[in-house]
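Visitor: The structure that follows is given in the form of structure tokens.
No lab work stands behind these numbers, since they all come straight from the coordinates. On a predicted model such as this, the values are computed, not experimentally measured, just so you know. Here the Cβ is made from the backbone with ideal geometry for all residues, glycine too, and neighbour counts use every protein chain on show.
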Amino acid sequence: MEMMRIQEQEKQKKKRRGEKKKRKKDKLKLKKKKKEREKKNKKLKEKKNERNKKKKKDSEEYKKKKKKNDNQKKNEKENEKKKEFEKSKKNKKLKDNQKKNEILKENAKDKRKSKKKKKKKDNQKEIELKIKKEEREKKKKEKEKQNLNWKEKEVDQDQKRKEQKERLKQENKKKENKKKEKKEKKKKDKKKKERKQNNKKKNQKRGFRKKDNKENN
């Protein structure tokens, strides 16, 4: 019985060991598979990145080429426009010069005619200006004469005003002096009167004293 139990235990142990080994083996297999999958995914990702890089590069190159072509076309158009503009400018300049020359010829004719007329007119004008100038000079001299007379009158009036002012000043001074003299005289008279009254009072007092002395004697 004991033997059977021991054998069973051994059997169980072997079984567990076998299961353990199997689990370990399965685990390793799974790990290996995972690694292979990761490796495969990595390769796929790298390929995808390569494709994206290539696409990006191709897109950039296409953009560059397109931009270059567009710029080239634009420049060609601009140059064409410039040429057309320069051409029309030249033609316009030629026409303008032609017109200018015709106008200058016409003007030269008119100038000669107007020069003659102007000379005649200027001579007439010069005579008129000379007459006007003489008249102005005459008027100016008359005005200067009037101004001189007026200035002389002004000087005389100023002198008269000054003299009158001085006269008034002297008169006022005299009046002031008279007032002062009057005041002084009044003052003196008042003092004189006061002195007389004081003397009178003193004399009266003396008279009373003499009378008293006589009576006492």
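Visitor: Please list log₁₀ I(q)/I(0) at q = 0.22 Å⁻¹ for region 63-172, using the Debye equation with identical point scatterers on the alpha-carbon positions.
Guide: With one equal scatterer per Cα and no solvent, log10 I(q)/I(0) is -1.12.
Visitor: Let me ask another. Estimate the FRET efficiency between Lys11 and Lys31 by the formula 1/(1 + (r/R0)^6), using the beta-carbon distance for r and 25 Å for R0, to the nearest 0.05.
Guide: Details: r = 30 Å, r/R0 = 1.21.
About 0.25, to the nearest 0.05.
Visitor: For every helix of n ≥ 4 consecutive DSSP H residues, a contribution of -39,500 (n - 2.57) applies; sum these over the chain, divide by its total residues, and give [θ] at 222 nm rounded to the nearest 500 deg cm²/dmol.
Guide: Details: 1 runs with 215 residues, N = 217.
It comes out at -38500 deg cm²/dmol, rounded to the nearest 500.
Visitor: Could you name the lysines whose alpha carbon sits less than 18 Å from that of Lys120, not counting residues in the same chain fewer than 8 places away?
Guide: Leaving aside lysines fewer than 8 places away in the same chain, those within reach of Lys120 are Lys109, Lys111, Lys130.
Visitor: On a 0 to 90 degree scale, rounded to 10, what angle separates helix 2-216 from the longest Cα axis of the chain?
Guide: With both axes taken from Cα atoms, the answer is about 0 degrees.
Visitor: Just the ratio, please: alpha-carbon radius of gyration of region 1-110 over 2.2 N^0.38 Å, N its number of residues. Walk me through the numbers on the way to the answer.
Guide: On the way: Rg = 46.5 Å, N = 110, 2.2 N^0.38 = 13.1 Å.
It is 3.54.
Visitor: Which distance in nm do the two modelled labels at Lys53 and Glu163 give, with both placed 7 Å along the Cα-to-Cβ direction?
Guide: 12.6
Visitor: What is the Cα centroid distance between region 21-59 and region 114-180, reported in whole angstrom?
Guide: Cα centroid of region 21-59 versus Cα centroid of region 114-180: 122 Å apart.
Visitor: Sticking with this one: Sequence neighbours fewer than 8 away in the same chain don't count; with that in mind, list the lysines whose C-alpha is under 20 Å from Lys24.
Guide: Correct list for Lys24: Lys11, Lys13, Lys14, Lys15, Lys32, Lys33, Lys34, Lys35.
Visitor: Here's something else I'd like to know. If you wrap a convex hull around the alpha carbons of the chain, what volume per residue comes out, as a whole number of Å³? Please report the intermediate quantities before stating the final value.
Guide: On the way: hull volume 104.0 nm³, N = 217.
Spread over its residues, the Cα hull of the chain gives 479 Å³ apiece.
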